[in-house]
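The values are calculated or read from the model by the stated rules, or taken from the named source; none is laboratory data. Here the structure is a predicted model, which means the values were calculated and not measured. With ideal geometry, Cβ positions are generated from the backbone for all residues, glycine too; neighbour counts draw on all protein chains shown. Heavy atoms of the whole protein, side chains included, go into the accessibility calculation; ligands, DNA and RNA do not. Shrake-Rupley method; radii C 1.70, N 1.55, O 1.52, S 1.80 Å.
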Amino acid sequence: MDRVILFSENAVQRWQHDPENQLFERKSARLAPKDLASHLCAFANASGGTLVIGIEDDGEITGITVSQENAFRQAGIEFLSLLPEYQVFARQVQVEDSSEPKRILVFFIQPSHNIIIKLKTGEAYLRVGDQSRRLSASQLLELEYARGTRSFETTLVPDATLEDLDENLIAEYVRLLDPMASDSTDLLRARGLLRKDGITVAGVLLFAKHPTRFLPAARVRFLRYEGTRAGVGSNFNIIKDVTLDDALPHLLREGQRLLESQMREFQQLSRDGTFVKIPEYPPFTWLEGLVNAVTHRDYSLQGDYIRISMFDDRMEIASPGALPSIVTVDNIQNTRFSRNPLIARVLGDFGWVRELNEGVKRIYQDMAAYFLDPPIYEVYNRNTVMLTLKNNIGTRAIRRLETGITDLYAVWRTLTPLEKNLVYYIANVDQCTTKKLMDFTGKSRPTVLRYIRRLSDTGIVKEHAAAVSDPTKYYTLADAYPEEP
């Protein structure tokens, strides 16, 4: 569809300033038409997306000429072996300090289902994070294999009508996206959620008033247990059981509020020598786990639902559906592939993509920043992906008397920078060994032992060992601290 369309000023400002991500890219008019075709290919093979031409990386609107626009419009036909579905809109933008408006070109690209989009050279690209990556021969083969699992969300839902959709949620979506659509249903059609012959699974999951009326397993069940194991019979120990079954944007908001309400506070020694309260898990980690489960689960498996189990020492998020073949437990930090690109696209429009795009790698980083064990990803029974987060409650429980905390803060200023580093790490790590301290500080064993000996002699650190040469020796903070000199 080739026409000039008026987008709101908010939309243009977002295109100027929003960070590029899985679903969005801006490019200067210097972009070569063949490179544009590569981006069209990458977005279509992933979750779709928006590509804006005529805006620099720093957000400056420099525009495109008529001849450049014509070349860009022909790029797909000229360089792609098969055209993906996309719409092209031109937009005149008035720019400060310019007498003439600048023209930009906006591509709205739909995900390609069941077919891999390739260049005429045979190359194929995939959108991964904020990059369009060329696939190797083995990656292309894996993608072709995985493509067949991505069609269920496009299936029409029998008996679902427009009356079953939440008008308020749709209106919210239109305001968020804000191309000036004359009819909200046009936007749903453009996103592949609505067709002339009915509403798709993705449309029902995202916007139905009661999605589980049509897809009973499209829900999240939260279970809070007392203790570290699930008991049965006389040992039954579930203390909270909540089911979330609204449209996915509402479900994620409710899920975020629910999990936040269940987070306990622990104490952690900060870099300035004071104990501060922190949640038992970094907020991003469990939110990313929830978003990923909702976005990427296999909704064709109607015999199971997403399950979040919270124990005293860990949280488990189980999502129906095996990992797509291009993603494995080993490469999950760096490889992303959406089983449900239509759902991923809309949840991205709602803003959840900002959590989604930072990805699994940040889960590892945030857990490490909280001195927690790395997250565990595993696939069991061949059709369920499990994420386990451990809170290491043995170390993180509130274990210091306020007098002790005050005493440590008082003596903190007397410590050298290295001693502060050692005390900081010992306070926050379970079973802190000499080797862990060497790895954390980058210092040699003799240096670490020399400073630890001083901290032990002055009563700040306590050594736990059966003998001088005990290989299981570890250190903790003392229960009380010396008075300030």
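Some points to look at:
- Per-residue ³J(HN,Hα) for region 113-130, Karplus 6.51 cos²θ - 1.76 cosθ + 1.60, θ = phi - 60°, Hz, x for Gly and Pro: 9, 6, 9, 8, 7, 10, 6, 5, 6, x, 6, 9, 10, 9, 6, 10, x, 9
- Distance between the modelled labels on I115 and K209, one decimal in nanometres: 3.8 nm (7 Å Cα→Cβ projection).
- For region 1-95, DSSP calls about 20 percent of its internal beta bridges antiparallel.
- Of the solvent-accessible surface of the chain, computed with a 1.4 Å probe and all protein chains present, 50% belongs to carbon and sulfur.
- Vicinal HN-Hα couplings computed from phi for region 208-217 (Karplus, 6.51 cos²θ - 1.76 cosθ + 1.60; Hz; Gly/Pro x): 6, 5, 9, x, 6, 5, 9, 10, x, 8
- Accessible area of E25 in the full protein assembly, 1.4 Å probe (Å², nearest 10): 10
- Trypsin sites (Lys or Arg not before Pro) restricted to DSSP loop in region 418-457 with at most 12 other C-beta within 10 Å: none
- For region 183-197, Karplus couplings with θ = phi - 60° (6.51, -1.76, 1.60), whole Hz, Gly/Pro x: 9, 4, 5, 4, 5, 5, 5, 5, 8, x, 8, 9, 10, 5, 9
- Between Q268 and E463, the contour length at 0.36 nm per residue exceeds the alpha carbon distance by 68.2 nm.
- For K27, residues with placed amide H under 5 Å, excluding near neighbours: V52, I53, G54, I55
- Under 5 Å between amide hydrogens, built in the peptide plane, is the criterion, and for V461 it picks out S456, A478 among residues at least 5 positions away or on other chains.
- Among the listed pairs K102/K196; K390/K435; K209/K390; K390/K420; K277/K420, those whose Cα-Cα separation exceeds 28 Å are K102/K196; K209/K390.
- Residues with amide H under 5 Å from that of V128, placed H, sequence gap 5 or more: R133
- Rounded if a/c under 1.5, otherwise prolate or oblate - region 206-362, Cα gyration tensor axes: oblate
- Accessible area per residue for the chain is 46 Å², calculated with a 1.4 Å probe on protein heavy atoms, without ligands, DNA or RNA.
- The accessible area of L342, taken with all protein chains in place and a 1.4 Å probe, comes to roughly 10 Å².
- 22 Å Cα-Cα reach of K34 towards lysines, excluding residues that sit fewer than 8 places from it in its own chain: K118, K120
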